[in-house]
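See structure below.
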Amino acid sequence: MATFKNADDFYSVMRTFFEKVRYDPVLGPKLAGSKMVIRFIYTDPEAQITIDFLNPPTAPGAYADIDYGESVRKADVTMKQSADFSHKFWHGKTNVVASLATRQIIASGSVQKALALLPLLRPLYEVYPRTLREMGREELVI
């Protein structure tokens with residue numbers, strides 16, 4: 001059974017998660033230091049999220065701009081994966097390098113540059129389940 005009912009459900013969860021990250025005073029500056037535009041393309045349900053850490057954010061206090069849905073921004077790296085896999089990923093239940101090798105994540109672009117962000121994954125793995133709980137979506141916590 002799919003984790004998310006539909007694209008709206010998926011976007012609701014991911015928007016809440018990524019909005020927390022984009023304003024986080026500890027993680028935000030570290031991610032912004034990557035100077036990258038990262039695009040996530042999801043299947044089952046179809047969705048797309050583009051995070052711009054390259055250009056100065058337009059929202060006061062934010063460390064990135066984020067587009068939910070199609071984006072005209074040129075991505076440095078694109079990561080394709082299923083929404084269910086992404087859900088496991090943000091819980092820290094997958095190995096990034098193994099996932100790339102087995103093509104559970106299909107990456108293109110500056111993958112090497114994106115791998116420099118690996119040290120930031122552990123704190124992000126803490127934010128995702130906490131976000132689900134705060135949303136009242138405990139049933140999604142793994």
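Bear in mind these aren't lab numbers, they're just calculated from the coordinates by the rules spelled out. Just so we're clear, the structure is a prediction, and the values are computed from it rather than from any experiment. As a convention, Cβ positions derive from the backbone with ideal geometry for all residues, glycine included, and neighbour counts pool all protein chains shown.
Brief remarks follow.
- Once exposed loop GluC sites (Glu not before Pro) are cut out (DSSP; at most 14 other Cβ, 10 Å), longest piece of the chain: 71-142
- Based on alpha carbons, the Rg and Dmax found for region 32-72 are 11.0, 33 Å.
- Every Cα-Cα pair in the chain was counted, and those over 24 Å apart are 24% of them.
- Of all DSSP-defined beta bridges confined to the chain, some 70% are antiparallel rather than parallel.
- Debye log10 I(q)/I(0) at q = 0.21, 0.26 Å⁻¹ for region 74-119, Cα point scatterers: -0.71, -1.06
- Amide H contacts of ILE105 (H built 1.01 Å from N, under 5 Å, at least 5 apart or other chain): LEU100
- Neighbour cut-off at most 13 other Cβ (10 Å), DSSP loop, trypsin sites (Lys or Arg not before Pro), region 51-142: LYS74, LYS93, ARG103
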